[in-house]
Amino acid sequence: MSKFSDNLTSEEIKGVGRLLVKPLVLPGVVSFHISVLSGSRHDAKFAGLLPELAAKSAREATQKLSRSDLASYLEERAITMSVVVDTMRTTQSVSAPKGELVRALAAASDVLREPRFAQEDFEMVKSIKLNRLREALVDTDARAEERVWRTLFDKSHPNCGVDIGEQINIVEKITLEDVKKYWSDNVGANDTVLVATGDVEGGKLSSLARKCLSGWEDKAISSVKVRGKFAKNQPPNLLIEKLLQKTSVDTIIALPIDIDIWSREYQALNLGLRAFGGHGFTSRLMSIVRDKHGLTYGTYANLRGLSRGDSGALFVTGSFAPTLYSKGMSMTQELLEKFMARGITKAELEMHRANLIGSTAVSLSQSGGVLKTLRTIAEEKRPVTEVEDTLDIVRSLSLAEVNAAIKKNLDLSRMIKVAAGSI
Amino acid sequence: MGELGGVVEYVHKRNDLRVLVWEDHSTPTVALNVTYLVGARNEGFGHTGATHMLEHLLFKGSRNFDNKKGKSISAALERVGAFMNATTSFDRTNYYEVVPTAERELPFRVEADRMRGALLRATDKEAEMPVVRNEFEISENEPHEAVAKALYATMFQNHPYGAYVIGLRSDVENVTVERLRQFYDDFYWPNNAYLVIVGDISVKESLELTHKHFGKIKPSHAEIPPMYTKEPPQEGPRRTVVRRSGEVPIILLGQRANHFLHADTPALELLSGVLGRGRSSRFYRALVVPKLCSQVTVGTDIFHDAGMLVVNTTLQKDIEIGKVEKIILDELEKIKREGVSESEVNRVLTQLKFDMEKLRDGTFGRAALLNEFIAMGDWKLYFKYLELLEEVTAEKVKHVANLYLGEDNRTTAIFIPK
């Protein structure tokens, strides 16, 4: 059976960064990501909200092309380009017809290196962001999640963040000058990563990358990983975000967590959590809370915030009718406590181990799954055999290791509960 | 047997099951999809949402995969890492699995068992009803979903598309398992289904496994109930308002259109692209750039029996609804009057062509695109659609604009935050 690392090109290009290419049979279509170090953690002044606003403003126009000219240039060639900012990195996500790869890469490079930052473009981007935040004010899921982060973490930890109303106030204060300064100070060839898949060949992309991405100034910023710093005071039993006229309540039971995601112990914990609340229908949460008791459409457990090496949290989420949420949350909590006390069974381990191994092959059959994996390998400086290495660990994990990882890393005394909706 | 674009079509002699095989050995996975030609279009008041409810119940148990005996469909598939689920739309219901090649026979066993062996127990229905109702409740939480339902209900007053796929809450809560059983017995037959097999499996093996697992299933005893309800022509503008707690207004403006296989559909797609696709589009420039709206899209929600061109926009807080609505209507009038440029048509055509190529992403992507074209009435259209799009001229776009963008053809649904 072929391995993911087969036919995978990896190259350190001097003066550019790390390039990873994995062709996939998708005739005529190329997808690539360019990612550089500079994320919300690199903005202390505006609670981490400035980098996204800056990146989206940069996406609007370049020194060479105005907003409307850039839009026409890309759309006439069917090139799609979007930008995402996470805690640590800014990523350009691009797809293009094979014949337009040169222009697509050049345009993506121009957006990052020579953004125009016109006042009217910035004002438009800002108005869109503000409106989306206003929409989030009445979104049960968004309201529950931001409350969790604010409650779990100490104010000195950037995960703590601010509430949505305050985010609106902060964004309103950001000026074009702030955006320009942020970009100028922070965005450059900082640990640049270029990954690609589809109808593309490594050698060709390598020479294009040299042409488009070399000679870019490195702003010498570094990762800002913050561990620990959880909130000290236990909040009341249940925190409620009240919203009007909502027909479903979003609930989260959360615990802070601090674990190295490249450790064997993390793989053990992850496997245990798949059995407890992974996606699919066979987890404990779904089979009991949904299938057996009919209380929810969906309930899951997943780890958030850990991927960049920070502290994060276990989120156990659920959606319930307002009349059922109390019962649903109690049942979920009971199951979580049982899981933390007794771990999983041998049968669950084997079931979810097989599931993880099989689903990896399935996810890597599509360009989205390939790109995500390539980026992780490139950004985190993992070996190109990362997929195989991880699967080897998963195959060798014992039940005792999984249950020990659950016991060690999940601390019930730090549990918080949040519900958002018309309660 | 027929062949087009690498897809070969067979019809099983015994039961008329149509089988499409798209061989592709580039990744070690196999996708299997069963499309049943039954969706919300086949429902009526009293059992709206029945197709969707049935889709849920078909995970509860069948002859050889029974939750109550600890042998569920989900467990059997998830054990091998399958990516699997089912979806219901207006025109079809589909069940799919993507599995590592080594496990390629399992989805055949599952889907053959589910086709005629569903247990459909009353206790399962009772347990599942609140699950489906919560899905309904989640969608009602979203202002965009709420106003979209209002748009469909107002435009389609006779055709079942008006009740949306999820159905009415009271029907979801009260439909009986006997009614669902009747629905199953009416529509879940091999002669009302397509089996789509894509990926790392040969045509020969695909057909052998099809025969092995589906070959014994008999075709329906009775004719599959035809769907004959037609929405009468609209004879004047319609308007509906949803007033709920919220922050920003939303306008959905639908222009009634024909069914998918109608000759005007490709031109309508190009028209919608000129109006609302990307930052070069007319509505983006007229509404988002001047900071009146935070987003605008224009799409063709065109289905087996009917459809609409929909302008979907979220207004900036405190922007007057009437002001935005007037700009939308002015743009529609302008495009009717002045038509579109060749460069606009070429831009959207290039984008649509690339979209079609991107749909082939992985075994699942290919199975999914065939599933949707089957539902529209002809899987082969995926391969012919490009040619149809290329035949559209700027003149033709202007023609369909005048044909479909009239006031009497219009339904406007507005979300007003309170």
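Numbers below:
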quantity: Residue ID - farthest from the other protein chains (Cβ to nearest Cβ), chosen from residues in region A:113-165 that are closer than 17 Å to A:A47 by Cα and among the β-branched types (V, I, T); calculated: A:T151
quantity: Top-ranked residue of region A:308-335 - restricted to ones that are in contact (Cβ under 8 Å) with a residue 24 or more places away in the chain and part of a helix (DSSP H, G or I), ranked as nearest to B:I138 (Cα to Cα); calculated: A:Y325
quantity: Top-ranked residue in region A:384-423 [being in a helix (DSSP H, G or I) and modelled with pLDDT under 95; ranked as surrounded by the fewest Cβ atoms within 10 Å (Cβ to Cβ)]; calculated: A:S413
quantity: Qualifying residue in region A:369-390 (condition: under 25 Å from A:I34 (Cβ atoms) and within 10 Å of chain B (Cβ to nearest Cβ)); calculated: yes
quantity: Complete set of residues in region A:141-175 that are more than 23 Å from the chain's Cα centre (by Cα) and crowded, with 19+ Cβ neighbours inside 10 Å; calculated: A:I174
quantity: Contacts under 7 angstrom Cβ, first residue in region B:350-370 being more than 16 Å from A:G368 (Cβ to Cβ), partner modelled with pLDDT of 95 or more and among the acidic types (D, E), 6 or more apart; calculated: B:T350/A:E76; B:Q351/A:E75; B:L352/B:E269
quantity: Qualifying positions in region A:357-374 - touching a Leu at 6+ places or on another chain (Cβ under 9 Å), assigned to a helix (DSSP H, G or I) and crowded, with 21+ Cβ neighbours inside 10 Å; calculated: A:S367, A:V370, A:T373, A:L374
quantity: Of residues in region A:229-275 being surrounded by fewer than 17 Cβ atoms within 10 Å (Cβ to Cβ) and within 20 Å of the chain's Cα centre (by Cα), the one farthest from the other protein chains (Cβ to nearest Cβ); calculated: A:D258
quantity: Subset of region B:266-310 [among the β-branched types (V, I, T) and within 17 Å of B:L389 (Cα to Cα)]; calculated: B:V274, B:T300, B:I302
quantity: Where B:L381 falls short, out of the listed (1) more than 14 Å from chain A (Cβ to nearest Cβ); (2) modelled with pLDDT of 95 or more; calculated: (2)
quantity: A:S363, sole failed condition from (1) within 12 Å of chain B (Cβ to nearest Cβ); (2) in contact with a helix residue (DSSP H, G or I) (Cβ under 6 Å, 6 or more places away or on another chain); (3) at pLDDT 95 or above; calculated: (3)
quantity: Condition broken by B:I138, with the remaining ones in (1) β-branched (V, I, T); (2) more than 14 Å from every other protein chain (Cβ to nearest Cβ); (3) free of Cβ contacts under 8 Å to residues at least 24 places away in the same chain satisfied; calculated: (2)
quantity: Boolean, B:I321 is of a type outside the set (F, W, Y), more than 11 Å from chain A (Cβ to nearest Cβ) and farther than 24 Å from A:E75 by Cβ; calculated: yes
quantity: Single unsatisfied condition, B:S245 versus (1) modelled with pLDDT of 95 or more; (2) closer than 30 Å to B:E140 by Cβ; calculated: (1)
quantity: Elements of type helices (runs of 4 or more DSSP H) in region B:39-125, at least 1 residues being more than 14 Å from chain A (Cβ to nearest Cβ), in contact (Cβ under 8 Å) with a residue 12 or more places away in the chain and of a type in the set (D, E); calculated: B:106-116
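The values are calculated or read from the model by the stated rules, or taken from the named source; none is laboratory data. Note that this is a predicted model, so its numbers are computed, not measured. Glycine also receives a Cβ, built like all others from the backbone with ideal geometry; neighbour counts cover every protein chain displayed.
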